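One structure is given here, and the rest of the page talks about it.
What follows is calculated from the coordinates using simple rules that are stated; it is not laboratory data. Since we're looking at a predicted model, the values are computed, not measured. No Cβ is skipped: glycine too gets one built from the backbone with ideal geometry, and neighbour counts run over all protein chains shown.
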């Protein structure tokens with residue numbers, strides 16, 4: 001059997017037409033058709049040529065970004081190389097070869113437009129009945145920012161550096177109090193004074209940022225980033241928030257927020273999803289990280305919220321409740337009292353801790369109880385605090401534990417966590433390249449758009465079916 005050997009000097013290597021470089025069922029054709037279907041006027045990108053002679057057509061650059069991000073090629077330099085060597089990119093650009101500066105500049109200048117691309121994609125899905133907006137699933141994941149954790153500064157750190165610089169200046173002046181400063185020492189003093197001015201400006205900026213944002217630290221490289229804790233350690237980053245539709249798991253909204261946790265994000269993300277869908281969902285589901293009864297009060301009462309409390313999650317993981325826990329006490333709303341398992345009543349004793357109401361049993365009832373020392377050892381008697389939104393918490397617990405709630409919650413991992421797994425492990429998108437919350441959100445939107453297109457190709461039955469459907473839409 002003979003070996004197959006190539007000959008680089010053969011006269012025909014590629015077809016004479018760039019159109020023939022790619023098969024009709026190659027997925028790059030789907031991305032080309034998708035970008036062609038976008039409304040660039042709504043995106044805010046002018047398609048009329050400007051005054052620059054070397055401008056590239058915006059649709060072509062958008063195709064490069066959307067297709068590149070969908071396959072994990074995000075760096076502008078890697079995208080430039082792909083336009084030189086990758087046949088799919090060569091077909092997409094028609095043989096043009098934009099350099100990395102052009103690609104990077106286009107991405108920076110049109111961050112808002114990149115976010116709107118996801119909205120147009122979702123509206124296409126709504127028109128094609130691929131998204132119904134009845135059940136929404138929400139999750140957040142920490143993604144590193146394009147900044148180092150060592151660039152995080154707070155007021156205390158600034159004070160320490162200012163104090164150290166002042167000591168070095170004082171020592172330098174003392175050492176040369178009786179003789180002229182040498183040239184090198186003069187330069188050191190000038191450099192230290194400049195460093196001191198810079199640190200004082202930084203301290204003022206940190207104070208201003210604390211007052212405006214409520215955060216106690218400021219990253220000098222990316223001021224919008226926060227401290228994110230993950231399995232890989234502690235980093236400067238963002239909390240990526242994604243809302244997916246329950247019908248086919250397509251992404252509805254995506255945003256990178258300057259928060260280290262998911263608390264108080266449910267109502268905010270739900271409002272953005274409602275704006276895109278132009279309707280209210282029947283239910284919204286998220287994990288225990290979103291649990292915040294105060295935030296849930298902002299959600300419309302006719303929207304079913306399925307979010308377990310951290311306490312319920314602990315119990316499901318095998319943590320047994322303590323004897324005579326609060327759950328074994330019954331609340332009597334008519335008399336505004338709690339009833340213990342022995343039938344003794346705990347009466348209201350005032351309000352404290354941001355609206356929490358306190359209830360206490362009498363010492364006479366507790367000291368005679370057979371469970372004294374187990375239920376309580378307080379000499380004043382057993383006490384219970386009722387939260388401000390206790391009734392809502394009980395309602396949420398009932399909804400979550402219902403058969404319908406459990407069925408919806410089981411779908412959460414299949415639908416929403418799949419998306420972050422695809423981003424981080426399949427595409428290697430564990431860190432944003434653009435800085436600022438706007439830039440990070442733009443990247444997250446393009447990643448989500450690529451994810452949606454891949455799913456749509458599968459759902460609609462292939463590349464050619466996708467192209468026909470998109471063109472008709």
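Return the distance in nm (one decimal) between the two label points of a simple spin-label model at residue 261 and residue 109, each offset 7 Å from Cα along Cα→Cβ.
4.3
At 7 Å along Cα-to-Cβ for each site, give me the label-to-label distance between residue 374 and residue 297 in nm.
Rounded to a tenth, the inter-label distance reads 3.8 nm.
Averaging sequence separations of C-alpha pairs under 8 Å and six or more residues apart, then dividing by the length of the range 331-388, give the relative contact order as a whole percent.
Numbers: 84 pairs, mean separation 16.9, N = 58.
It rounds to 29 percent for the range 331-388.
Please tell me the relative contact order of the range 18-109 in percent, rounded to the nearest whole number, where contacts are Cα pairs under 8 Å and at least six residues apart. Present the calculation step by step, with values, prior to reporting the outcome.
Working: 73 pairs, mean separation 28.8, N = 92.
Value for the range 18-109: 31 percent.
Once label points are set 7 Å from the Cα along Cα→Cβ at both residue 433 and residue 78, what is their separation, rounded to one decimal in nm?
Using points 7 Å along Cα→Cβ, the separation is 0.8 nm.
Taking 25 Å as R0, compute the FRET efficiency from the Cβ-Cβ separation of residue 271 and residue 473 and round it to 0.05. Walk me through the intermediate numbers first.
Working: r = 26 Å, r/R0 = 1.06.
Calculated value: 0.40.
Using a Förster distance of 56 angstrom, determine the FRET efficiency expected from the C-beta separation of residue 356 and residue 59, and round it to 0.05.
Values: r = 58 Å, r/R0 = 1.03.
It comes out at approximately 0.45.
Calculate, in nm to one decimal, what residue 314 and residue 424 gain on full extension: separation in residues at 0.36 nm each, minus their alpha carbon distance.
Values: separation 110, 0.36 × 110 = 39.60 nm, distance 2.75 nm.
Taking 0.36 nm per residue and subtracting the Cα distance, the gain is 36.8 nm.
What does the highest-first list of 130-142, 359-371 look like by mean Cβ count within 10 Å? Intermediate values should be presented prior to the final figure.
Details: 130-142: 21.9, 359-371: 15.8.
Most protected by this proxy first, the peptides run 130-142, 359-371.
Using only the Cα atoms, what convex hull volume per residue in Å³ does the range 362-473 have? Working shown, then result.
Working: hull volume 30.0 nm³, N = 112.
Enclosed volume per residue, from the Cα hull, is 267 Å³.
Taking R0 as 45 Å, what FRET efficiency do you get between residue 398 and residue 221 from their Cβ-Cβ distance, rounded to the nearest 0.05? Don't skip to the answer; put the middle values down first.
On the way: r = 47 Å, r/R0 = 1.04.
Step by step, r from the Cβ atoms, then E = 0.45.
Tell me the volume per residue, in Å³, of the convex hull enclosing the alpha carbons of the range 274-409.
Values: hull volume 19.3 nm³, N = 136.
Hull volume normalised by residue count: 142 Å³.
For the range 41-117, report the translational diffusion coefficient in µm²/s to the nearest whole number, using Stokes-Einstein at 4 °C, 1.567 mPa s, and a Kirkwood Rh over Cα pairs. Display every interim value, and only then the final one.
Details: Rh = 12.7 Å.
In µm²/s, the coefficient rounds to 102.
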